[in-house]
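Worksheet: one structure, shown below.
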Amino acid sequence: MRLLHTSDWHLGRSLHRADLRPAQETFLDHLVDTVRDERVDAVLVAGDVYDRAVPPVDAVQMCEEALSRLRAAGARVVLISGNHDSARRLGFGSSLFDVAGVHLRTRPEQVASPVIVADRHGEVAVYGIPYLEAAGGLSHAGVLAEAVARIPAGGRRVVVSHSWVTGGAVCESERDISVGGAGQVPSSVFDGFSYVALGHLHGRQTLAGHIRYSGSPLPYSFSEASHRKGSWLVELDGQGAARAELVPAPVYKRLNVLCDTLPELLSSPKYAEFENDFVSVTLTDPARPEGAMDALRARFPHVLVLAYAPAGAGPDARDYRSRVAGRDDLSVATEFVQHVRNTPATSGERALLRDAFAAVPGPGDDC
C-alpha cells in the first residue's frame, strides 16, 4: 500500500503580502505528478487546506481542481479539516464526494468510520480525525484522546490527525492551539496504528518511525527559511509496518535572512546569489538610512521585511515612565527621533517639532 502524506497547504495565504498562488499551484502540480509516477493508492491531507475559514474564491477553485486531478491520477483522497479551516464549509457535500473517491472527514461523529483502501495484502482502514476544539470540560488533547479511543482495534490502521503532538517543533507561522501546553497531545495516544499522518506543525519531522508531520509544502514565515519542504511517501507492508521516504517539494523561491549595512548589501558580490530570493533584511548601519527599502528593491526586488538594528546598540532597560519623567514634550519627541534613527534630531527637525507642539491647544484652551 502506497500512501502520500501531505498537510498545511494554506491555500489563499500570502507571505508578507507576496502572492503565493503560483507557488501553491506549482506544488499541487508536483503532487499530482508524484501520485501518477509513484502509483500512490491514497493521498492523506492532514488539515489546514485553506488559510482561513472563509477562503478566497480562487483558493477554493485551486482546491477543487487539485482534488479532481489527484483522483484522476489514480489515488483515493482522505482529507481532514484543520484549525484554520471551517469544518462545515470544507465538509460540504462529503457524502457525494465519497462516491467519487474523495473522502472529506470534517465532523467528529465520523472519526470511527474508516475509509477502506485495499491492496494485494487486504484492507487498510484509514481514519480521519479533524481538528477538535476543547469541549465538555476536556482540553483539545482530552477530546482527541477520546476520539482515538472510539476507533476499533485490529488490522492495518492509519490515522490522519491535525494536532500538536508533544515533541513537535513549532514555527512562527502556525496558529497556537494550546494554552499553557494544554493543547499538546502525548504520542502514546496513537499507539497501535500502522501510520499516523499529522498536520498543524509546519516543519517536517519524525516523532517515531510511524508518527510523522509532513509540514507545509511552502515556507510561510522566515523562521522556515532553512526547512526542506516535501511530503512523505509511505509504504505499508502486509503486516502494517510503515516505511517512509521524503518526496522533496519544488522550490518556488528561496527564503533568506540578510544582515549588514546598506552599502554592503547594495554592492557586495557575496549577496548576488540572493537577488531573486524572498529576503528579510536587517540593517546594521550606525544611523538609519533614508529610502532604504527603495534602494534595496533595486537589487533585491523581492525584499519583504526590513528591520533596523544598529551594531553595538543595546536595549534601553528603563521603563516608559522613567524615560519621560520630568521632561517636556519636545525633549521626549527628539529622543524618539534618536531612538528610531540612531542619530540626533537636526536643528530643522527640532524647529518643526517645536512649531507642531505650539500649534496644539493646551489644557483649558478653546478648540
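Only the coordinates and a few stated rules stand behind these numbers; no lab work does. Nothing here was measured: the structure is a model prediction, and the numbers come from that model. Because the Cβ atoms are built from the backbone with ideal geometry, glycine has one as well, and the counts that use them run over all protein chains shown.
Taking label positions 7 Å along the Cα-Cβ direction at both residue 72 and residue 241, the computed distance is 3.9 nm, reported to one decimal.
The angle separating the long axis of helix 57-72 from the principal Cα axis of greatest extent in the chain is about 30 degrees. A Förster distance of 45 Å, applied to the separation of the beta-carbon atoms of residue 99 and residue 17, puts the FRET efficiency at 0.65. Taking label positions 7 Å along the Cα-Cβ direction at both residue 305 and residue 112, the computed distance is 4.6 nm, reported to one decimal. The simple Förster model, with R0 at 35 Å and r as the Cβ-Cβ distance, assigns residue 272 and residue 37 a FRET efficiency of 0.50. Seen against the Cα atoms of the chain and their longest principal axis, helix 329-341 is set at about 50 degrees.
Averaging the Cα positions of each part gives two centres, and for the range 12-82 and the range 246-299 these lie 30 Å apart. Does a label point 7 Å from the Cα of residue 138, set along Cα-to-beta-carbon, have any residues of the range 98-125 with amide nitrogen under 13 Å, and which are they? Output list for this probe position: 108-112. Rounded to the nearest 500, the helix-only mean residue ellipticity at 222 nm of the chain stands at -8000 deg cm²/dmol, with each DSSP H run of n ≥ 4 adding -39,500 (n - 2.57). Taking the C-alpha atoms only, the angle from helix 21-38 to the longest principal axis of the chain is near 20 degrees. Converting phi to 3J(HN,Hα) with the Karplus coefficients 6.51, -1.76 and 1.60 and the offset θ = phi - 60°, the range 44-55 yields 10, 10, 8, x, 6, 5, 10, 8, 8, 4, 10, x Hz in sequence order, with x at every glycine or proline. Note that the range 290-296 has calculated 3J(HN,Hα) couplings of 7, x, 5, 5, 4, 5, 5 Hz, one per residue in order, obtained from phi through the Karplus relation 6.51 cos²θ - 1.76 cosθ + 1.60 (θ = phi - 60°); glycine and proline are x.
Remark: the residue 343-residue 294 segment gains 15.6 nm on full extension, using 0.36 nm per residue and subtracting the alpha carbon distance. Annotation: amide H of residue 254 within the under-5 Å range of 278, sequence separation 5 or more or interchain, hydrogens built in the peptide plane.
Anisotropy class assigned to the range 1-112 is oblate, per the alpha carbon gyration tensor with a/c at or over the 1.5 cut-off and a/b no larger than b/c. As a length-normalised measure over Cα pairs under 8 Å and 6 or more apart, the relative contact order of the chain settles at 13 percent. Annotation: amide H of residue 43 within the under-5 Å range of 4, 76, 77, 78, sequence separation 5 or more or interchain, hydrogens built in the peptide plane. Between amide H atoms placed 1.01 Å from N, distances below 5 Å from residue 101 occur with no residue 5 or more places distant or on a separate chain. Overall shape: prolate for the range 253-314, with the ratio a/c of the largest to smallest alpha carbon gyration tensor axis at 1.5 or above and a/b above b/c.
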